[in-house]
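Peer 1: Have a look at the structure that comes next, please.
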Amino acid sequence: MISSLVPASPEALDDAALHRLYAYPAVDRPYVRFNFIAAADGAATSGGLSAGLGNDGDKRIFTVLRRLADVVLVGAGTVRTEGYAGSLVDDDARSWRAEHGLAPHPAVAVISGSLDLDPSGGFFSSAPVRPLVLTSAGAPAARRAALARVADVVDCGMDTAEPSAVLAELGRRGLLRVLCEGGPAVLGGFTRADAVDELCLSISPLLAGGDGPRIAVGDSPEGAVALTLASLLLEDSALYTLYRRAS
Ligand SMILES: NC(=O)c1ccc[n+]([C@@H]2O[C@H](COP(=O)([O-])OP(=O)(O)OC[C@H]3O[C@@H](n4cnc5c(N)ncnc54)[C@H](OP(=O)(O)O)[C@@H]3O)[C@@H](O)[C@H]2O)c1
């Protein structure tokens, strides 16, 4: 049972309440929501994967967030380690999305500089929609040509995919409700570019130890980005925060 501590409510939250809570604001530009899970000690992985940190409440919220998004955006590292393949939403979600004016399946986009992604791998071969690969002009030509057969490959910068150009491309495609599922390098880059609107962070009641990454890595931004707490949910001992960039 998920309950809400902020705003305080004694009732369990059903899926409809979660949909209302996590509804994207009405926007006319891409609005960037990141979703992460971390252990109580700050680790973003256990045994090299985020799955080791998961729990029932996190799965429920993860599902709701995908249901609400126009596009699921991930870094190439996450695709390589977490095994993204096939449909990201189930049949119920497809129906719900269609009833609510969304495409049955969200668009799927991956950010990669090296283009070290297998064109015959499940991310592409079993994709429910043609994926979008966001890269830079310096990406290797042979890999670009191979991926262009199975995905739309778009340059979003010269040496690296710039968050502003990534978002401009998503905006051109009408993909305004952006759900970024990581990983740490992408959150670090978007933080540095001040391109994060929201962070949904699940805090798992675990001491994961080890040397897994934090949820954001890379060069520091000029100054830390201030957030405000929009909601705080609880199930068992797991916490589910929703932070928005302080205006
Ligand atoms: N706790 C969580 O919620 C969570 C969520 C997601 C992932 N993870 C974990 O995070 C780990 C992976 O970390 P990661 O930092 O490698 O993941 P990542 O951020 O998904 O991927 C990093 C890769 O994305 C590409 N990339 C990122 N920013 C780029 C830019 N501006 N321009 C061009 N390419 C860019 C690069 O790909 P190329 O190397 O192809 O150039 C880079 O190596 C895994 O262990 C995974 O399980 C945890």
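The values are calculated or read from the model by the stated rules, or taken from the named source; none is laboratory data. Since the structure is predicted, the reported quantities are computational estimates derived from the model, not experimental observations. Positions of Cβ are generated from backbone atoms using ideal geometry, with glycine treated the same way; all protein chains shown enter the neighbour counts.
Peer 1: With (1) more than 9 Å from the ligand (Cβ to nearest atom); (2) surrounded by fewer than 19 Cβ atoms within 10 Å (Cβ to Cβ); (3) at pLDDT 95 or above; (4) in a loop (DSSP other than H, G, I, E, B) as the list, and Glu222 as the residue in question, which single condition is left unmet?
Peer 2: (3)
Peer 1: Sticking with this structure for a sec: Gly209: surrounded by fewer than 19 Cβ atoms within 10 Å (Cβ to Cβ), more than 14 Å from the ligand (Cβ to nearest atom), assigned to a helix (DSSP H, G or I) and in contact (Cβ under 8 Å) with a residue 12 or more places away in the chain, yes or no?
Peer 2: Against the criterion (surrounded by fewer than 19 Cβ atoms within 10 Å (Cβ to Cβ), more than 14 Å from the ligand (Cβ to nearest atom), assigned to a helix (DSSP H, G or I) and in contact (Cβ under 8 Å) with a residue 12 or more places away in the chain), Gly209 does not qualify.
Peer 1: Let me ask another. If a residue must be assigned to a helix (DSSP H, G or I) and either farther than 19 Å from Asp90 by Cα or within 14 Å of the ligand (Cβ to nearest atom) (or both), how many such residues does region 14-39 contain?
Peer 2: Looking only at that region, the number is 3.
Peer 1: Taking into account only those residues within region 40-63 that are surrounded by fewer than 16 Cβ atoms within 10 Å (Cβ to Cβ) and not in a loop (DSSP other than H, G, I, E, B), which is farthest from the ligand (Cβ to nearest atom)?
Peer 2: Among those residues, the one meeting the criterion is Asp56.
Peer 1: Spot the failing condition for Tyr84; the list is (1) touching a Leu at 6+ places or on another chain (Cβ under 8 Å); (2) crowded, with 17+ Cβ neighbours inside 10 Å, and only one is missed.
Peer 2: It fails just one condition, (1).
Peer 1: If Leu199 satisfies every condition in (1) of a type outside the set (Gly, Ala, Ser); (2) more than 20 Å from the chain's Cα centre (by Cα); (3) within 22 Å of Gly75 (Cβ to Cβ); (4) not in a loop (DSSP other than H, G, I, E, B) but one, which is the exception?
Peer 2: (2)
Peer 1: Another question, if that's okay. Restricting attention to region 167-182, report how many residues are among the aliphatic types (A, V, I, L, M), within 14 Å of Val108 (Cβ to Cβ) and within 15 Å of the ligand (Cβ to nearest atom).
Peer 2: Counting residues in region 167-182 that are among the aliphatic types (A, V, I, L, M), within 14 Å of Val108 (Cβ to Cβ) and within 15 Å of the ligand (Cβ to nearest atom) gives 3.
Peer 1: Tell me, which helices (runs of 4 or more DSSP H) wholly within region 73-159 include 1 or more residues that are more than 10 Å from the ligand (Cβ to nearest atom) and in contact (Cβ under 8 Å) with a residue 24 or more places away in the chain?
Peer 2: In region 73-159, 91-99, 122-125, 141-148 are the helices (runs of 4 or more DSSP H) which contain 1 or more residues that are more than 10 Å from the ligand (Cβ to nearest atom) and in contact (Cβ under 8 Å) with a residue 24 or more places away in the chain.
Peer 1: Show the residue pairs meeting these rules: Cβ distance below 6 Å; 6+ apart or different chains; first residue within region 29-47 and among the aromatic types (Phe, Trp, Tyr); second residue modelled with pLDDT of 95 or more and assigned to a strand (DSSP E or B).
Peer 2: Phe34/Cys180; Phe34/Leu199; Phe36/Leu201
Peer 1: Here is a further query. Can you find a residue in region 77-94 that is touching a Cys at 6+ places or on another chain (Cβ under 8 Å) and within 28 Å of Gly138 (Cβ to Cβ)?
Peer 2: No, region 77-94 contains no residue that is touching a Cys at 6+ places or on another chain (Cβ under 8 Å) and within 28 Å of Gly138 (Cβ to Cβ).
Peer 1: Same structure, new question: Among residues belonging to region 77-102 that are under 19 Å from Leu175 (Cβ atoms) and in contact with a Gly (Cβ under 8 Å, 6 or more places away or on another chain), point out the one that is modelled with the lowest pLDDT.
Peer 2: Here the residue is Tyr84.
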